[in-house]
Amino acid sequence: MTIAHHYTIRPKDLGAHLYEVRLEVAAPDPQGQVFAIPAWIPGSYMIRDYAKHVVAIRAESEGRAVGLHKLDKSRWQAAPTDRAITLVAEIYAHDDSVRGAHLDNTHAYFNGPCVFPAVEGQENVQCLLDIQAPRESCAKGWRVATSMRRQDAEPYAYGTYEASDYAELIDHPVEIGDLAVGEFEVRGIPHAIAIRGRTRVDMARICRDLQTLCERHIELLGAPQDFDRYLFLLYAPGKGYGGLEHRWSSSLVCSRDNLPQRGEEDISDSYRTFLGLVSHEYFHLWNIKRLKPAAFTPYDLASESYTQLMWVFEGITSYYDDLVLARSGLIPAESYLELLGQTITRVIRSGGRHRQSVAESSFDAWTKFYKQDANAPNAIISYYTKGALIAATLDLKLRAESDGELSLDDVMRSCWDRWGKGEEGMPEEGFEAICTELAGDNLGDFFDAALRGTGELPLQAMLATVGVDYHLRQARSRSDKGGKKKSGKRLTPLCLGANLSAAGGKLTFSSVLNGGPAEQAGIAPGDVAVALDGVALTAANYDNRLRSFRRAETLELVFFRGDDLMTTNVTLVDAPKNTCYLSIDEKADLATVARRDDWLNSA
Ligand SMILES: [Zn+2]
């Protein structure tokens, strides 16, 4: 019988942000055991080189030092020995994101890839984890929240946890601190949410709404066989947004203002944002955590793993996240159409959709989507947003052409049955092959254009099949996200052809759009606006100033490039109609209305 690898983690020094991690290996490779720390974390496709945070590392056996030789940026090899060996590492942790490790006098949070070395060649061995308490008095009363299975620990307590192998060990983030916890069941499966942050919330309502949402998700693909628990870890600071998916849990960050207070009954736009985030990460427990691209089975955490399918795993997830809010009855149809209109707006405003396909965007996630620079709006397209629109177009197309017999739900069920339950992942051509099996071989042109092309999607025509009208208008202000007919502000009919960001009292050109007035005037990313037509240009007066000019008027623009004050002439043009909103066609016939109801309500 193989003896489990025994990990111990202890917040060693809260002030210095140091964890101590010990790893006992009973039967190391007699040639010299190699230990490796992942370069990236599944779900976030960027090389992060977590080993750079190791500040000290040594090996010992029966109390005596064993030589440890560094092989490369992420791996160490111990001197050959046939006895049990213990690796001891100190790891700096001050990355307070869902993909990092963090430790201070308010809490401890870690993801396995940041802190746990793998025992190379023995990744399939069971892992035990002792989670120990910090010694500092400020940590009194802290509780432990993780989806890792308890072996010898009370609920929410320090003690011993277990994982069946290394891949599972690093798939359970751990939060330790002063937590607010809510619990609920979905089809008899225990679910919990643990919230960190100085926040007062209506926990009963959050649990009730999450239960409704999770129930509707399970209806689509069914509870996976190994799905016996689920935990939402939520950090709610003043500002922030993001999430990372795992098989039995997810880490979420949202603003505390996104969470409902006691006495609030309606679903505000900001609470809808939180529910959308929850919905997104929960759908991932099927789509990418169990149903994976073949390129991720198994994960190679030492270097980039390339696939053209990220649009399937993030785009289709982004389509269902909002759609299931509507299907669960948490938001009405109009509210869902507003969210879809905002997604369409984000895609239309990305000029890069004419340069990069979603297949290319997926493949280059590592160097382009995750490393966006000032030229990103001109050069790349998000496989999340365009992927979601491809999913919507495909869903409506399948429904229309099969007279309601077939939908994306059926495609996802088939993908799940074929690749969601075993070890083999979805091959690169797998998604299209399943669609062809279900719908016949007339989808080739659609996929070529939608996935490998850079033209417009036939979404407007597809929305018409369910009695939804598609409208384009000009943005009304810098903060206009689309989705609504009006945003309540007066129209800003002219534009500079640039994205501007306001920080530290400065209005900076964050990107300059190809072919626009700012580019023609010689403005570069990073330039700081000073004055337009002799008057200071600020974040506060920007929209009003632009409303005061006439089309084709040439104006003097003063700006800083570095510390050089510069002047140019800029000619304003009509703001493009790049803002979308959708509306329900009240005159649609009964068959169309039935198709729409089916789309928004089916499971
Ligand atoms: Zn996602």
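Return only the number of the condition from (1) under 25 Å from LEU291 (Cβ atoms); (2) surrounded by fewer than 17 Cβ atoms within 10 Å (Cβ to Cβ); (3) touching a Leu at 6+ places or on another chain (Cβ under 8 Å) that GLY440 does not satisfy.
That leaves (3) as the condition not met.
Name the pairs whose Cβ atoms lie under 9 Å apart, with the first residue in the stretch 442-453 and touching a residue at least 24 places away in the same chain (Cβ under 8 Å), the second crowded, with 17+ Cβ neighbours inside 10 Å and β-branched (Val, Ile, Thr), and 6 or more positions between them or separate chains?
Pairs found: PHE446/THR393; ALA450/VAL358; ALA450/ILE390; ALA450/THR393; LEU451/VAL358; LEU451/ILE390; ARG452/VAL358.
Restricting to the stretch 32-50, count the residues that are among the aliphatic types (A, V, I, L, M) and within 16 Å of the ligand (Cβ to nearest atom).
2
Consider ARG290 against the criteria (1) within 16 Å of the ligand (Cβ to nearest atom); (2) out of contact with any Gly (no Cβ under 7 Å at 6 or more places or on another chain); (3) in contact (Cβ under 8 Å) with a residue 40 or more places away in the chain: it satisfies all of them except one. Which criterion is unmet?
Evaluating ARG290 over (1) within 16 Å of the ligand (Cβ to nearest atom); (2) out of contact with any Gly (no Cβ under 7 Å at 6 or more places or on another chain); (3) in contact (Cβ under 8 Å) with a residue 40 or more places away in the chain leaves (2) as the failure.
Could you tell me whether the stretch 463-475 includes any residue that is over 20 Å from GLN356 (Cβ atoms), over 24 Å from the mean Cα position of the chain (by Cα), modelled with pLDDT under 95 and assigned to a loop (DSSP other than H, G, I, E, B)?
Looking through the stretch 463-475, at least one residue is over 20 Å from GLN356 (Cβ atoms), over 24 Å from the mean Cα position of the chain (by Cα), modelled with pLDDT under 95 and assigned to a loop (DSSP other than H, G, I, E, B).
Pairs, please: C-beta under 9 Å, at least 6 apart or cross-chain, first residue polar (S, T, N, Q) and in the stretch 33-60, second within 16 Å of the ligand (Cβ to nearest atom) and not in a loop (DSSP other than H, G, I, E, B)?
Short answer, once both residue conditions are applied: SER44/LEU244; SER44/TYR370.
To keep it simple, each residue is scored yes or no on (1) buried (at least 22 other Cβ atoms within 10 Å of the Cβ); (2) over 27 Å from ARG229 (Cβ atoms).
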| position | (1), (2) |
| --- | --- |
| ARG262 | no, yes |
| ASP266 | no, yes |
| THR273 | no, no |
| VAL278 | yes, no |
| PHE283 | yes, no |
| TRP286 | yes, no |
| PRO293 | yes, no |
| ASP300 | no, yes |
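For GLY238, indicate whether it is outside any helix (DSSP H, G or I), of a type outside the set (A, V, I, L, M, F, W, C) and within 16 Å of the ligand (Cβ to nearest atom).
Details: outside any helix (DSSP H, G or I): yes; of a type outside the set (A, V, I, L, M, F, W, C): yes; within 16 Å of the ligand (Cβ to nearest atom): no.
For GLY238, the condition - outside any helix (DSSP H, G or I), of a type outside the set (A, V, I, L, M, F, W, C) and within 16 Å of the ligand (Cβ to nearest atom) - is not met.
Taking ARG595 as meeting all but one of (1) within 30 Å of ALA464 (Cβ to Cβ); (2) surrounded by 15 or more Cβ atoms within 10 Å (Cβ to Cβ); (3) in contact with a strand residue (DSSP E or B) (Cβ under 7 Å, 6 or more places away or on another chain); (4) of a type in the set (Lys, Arg), write down the number of the exception.
All conditions are met except number (3).
Of all the residues that make up the stretch 309-334, how many are assigned to a loop (DSSP other than H, G, I, E, B) and either buried (at least 22 other Cβ atoms within 10 Å of the Cβ) or within 16 Å of the ligand (Cβ to nearest atom) (or both)?
1
What tally of residues in the stretch 226-242 results from selecting those that are in contact with an Asp or Glu (Cβ under 7 Å, 6 or more places away or on another chain) and surrounded by fewer than 21 Cβ atoms within 10 Å (Cβ to Cβ)?
Counting residues in the stretch 226-242 that are in contact with an Asp or Glu (Cβ under 7 Å, 6 or more places away or on another chain) and surrounded by fewer than 21 Cβ atoms within 10 Å (Cβ to Cβ) gives 0.
The values are calculated or read from the model by the stated rules, or taken from the named source; none is laboratory data. In this text the structure is predicted, and so the values were computed from the model without any measurement. Glycine also receives a Cβ, built like all others from the backbone with ideal geometry; neighbour counts cover every protein chain displayed.
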